[in-house]
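The values are calculated or read from the model by the stated rules, or taken from the named source; none is laboratory data. Owing to the predicted nature of the structure, the values given are computational and were not obtained by experimental measurement. Note: ideal-geometry Cβ built from the backbone for every residue, glycine included; neighbour counts use all protein chains shown. These accessible areas exclude ligands, DNA and RNA; they are computed on the full protein's heavy atoms, side chains included. Shrake-Rupley method; radii C 1.70, N 1.55, O 1.52, S 1.80 Å.
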Amino acid sequence: MRAVAYTHAGLSPDDATSLVDIDLDIPTPGPRDLRVAVKAVAVNPVDAKVRRNAATETPRVLGFDAVGVVDAVGSEVALFQPGDEVYYAGAIDRAGSNAEYQLVDERIVGRKPSSLDDASAAALPLTAITAWELLFDRLRIAEGKGEGQTLLVIGAAGGVGSILVQLARQLTKLTVVGTASRPETQDWVYALGAHHVIDHSQPLSEGLARLGIAHVEHVASLTHTDQHYAQIIEVLAPQGQLGLIDDPGQLDVMALKRKSASLHWEFMFARPLHQTADMQQQHVLLNRVAGLIDAGVLRTTLGENLGRINAANLRRAHALIESQKAKGKIVLEGW
């Protein structure tokens, strides 16, 4: 089968050897595995981070978001059968989706939204899982609740922010304030349903003050948390919550003590990586998101389709991700 891999960490995506086309054997499913014929993939910051930082002795296939058709199933599979159209984000400790066929545990796979084409559906799984877990599992906002409270989403125009804004606006009563620094990304965040948008290149407290908001009860910091941390502490309400997904170099958690504020990490790979007892919740939430998409409550966050799945186009996608100027999700489709 065709696949795209990296063989040496740390290379720039401008380097033609940073991602290369290779041939691999088609894998055999384990007991709970689906073998999926991959039709479309999306590229996320985690792809670029692994390529830059994780040394490998053999060619490593990256890719997490995928849409495809179940080609074969393991002996203990109960949720799917061959021919089913599926979408998923995979696991960080297994071979990725940048291959014609991929193995994935059925418990972290959902049915593909029937109203979307492959590319539009591929934009959703990783960010939908991350946003859902951050909002409902980590910050513990109850669906239909949050009236009178504000959620500040820092980096709202990115992949996770683009779905988090929708979930918070459609499924809670929170006032949703997103941050974006360019006119086109600000327009994007408004279109996704944010009540307000402020510029994170300016002091957060000043942007919120212009809205008449002195403090926010919840902050979802999706990028550059270390740069915004002091400002986050300033605008966070006493007993407020800070949720984050990025990799700040260092955070002084003592700064949260004076406000009895809480810190919540979201890492969507934790459930499959540790084979947690509730691992199948990712299957459940992906099906729920598919239902919300098909009902018109949520929309895809596809930003740009870069064409077929090959090394050249994936290098372009990684470069765009690393530029930090992507709007929505970057997708590749077909072989």
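Quick notes on this one:
- Among the candidates Arg315, Arg308, Arg299, the residue that is closer than 19 Å to Ala40 by Cα, surrounded by fewer than 15 Cβ atoms within 10 Å (Cβ to Cβ) and either touching a Leu at 6+ places or on another chain (Cβ under 9 Å) or touching a residue at least 40 places away in the same chain (Cβ under 8 Å) (or both) is uniquely Arg308.
- When residues of segment 94-125 are limited to those that are touching a Phe, Trp or Tyr at 6+ places or on another chain (Cβ under 8 Å) and open to solvent by 20 Å² or more (accessible area, probe 1.4 Å), the one farthest from Ala157 (Cα to Cα): Glu100
- Exclusive hit being modelled with pLDDT under 95 and either out of contact with any helix residue (DSSP H, G or I) (no Cβ under 8 Å at 6 or more places or on another chain) or closer than 21 Å to Asp117 by Cβ (or both), set Ala311, Ala277, Ala326: Ala326
- Residue match in segment 173-188 (condition: within 20 Å of Leu292 (Cβ to Cβ), hydroxyl-bearing (Ser, Thr, Tyr), in contact with a strand residue (DSSP E or B) (Cβ under 9 Å, 6 or more places away or on another chain) and free of Cβ contacts under 8 Å to residues at least 40 places away in the same chain): no
- Condition met for Thr17 (of a type in the set (Ser, Thr, Tyr) and under 18 Å from Glu322 (Cβ atoms)): yes
- Condition met for Trp132 (among the hydrophobic types (A, V, I, L, M, F, W, C), at pLDDT below 95 and either open to solvent by 10 Å² or more (accessible area, probe 1.4 Å) or not in a helix (DSSP H, G or I) (or both)): no
- Within segment 135-148, being surrounded by fewer than 24 Cβ atoms within 10 Å (Cβ to Cβ) and part of a helix (DSSP H, G or I) holds for Phe136, Asp137, Arg138.
- Residues within segment 260-283 that are exposed (fewer than 15 other Cβ atoms within 10 Å of the Cβ), touching a residue at least 24 places away in the same chain (Cβ under 8 Å) and farther than 20 Å from Ala48 by Cα, tallied: 1
- Evaluation of Ser12 against (1) out of contact with any Phe, Trp or Tyr (no Cβ under 8 Å at 6 or more places or on another chain); (2) closer than 21 Å to Arg107 by Cβ (one fails), failing number: (2)
- Scope segment 2-31; condition open to solvent by less than 50 Å² (accessible area, probe 1.4 Å), assigned to a loop (DSSP other than H, G, I, E, B) and within 13 Å of Pro59 (Cβ to Cβ); matching residues: Thr7, Ala9, Ser18, Leu19
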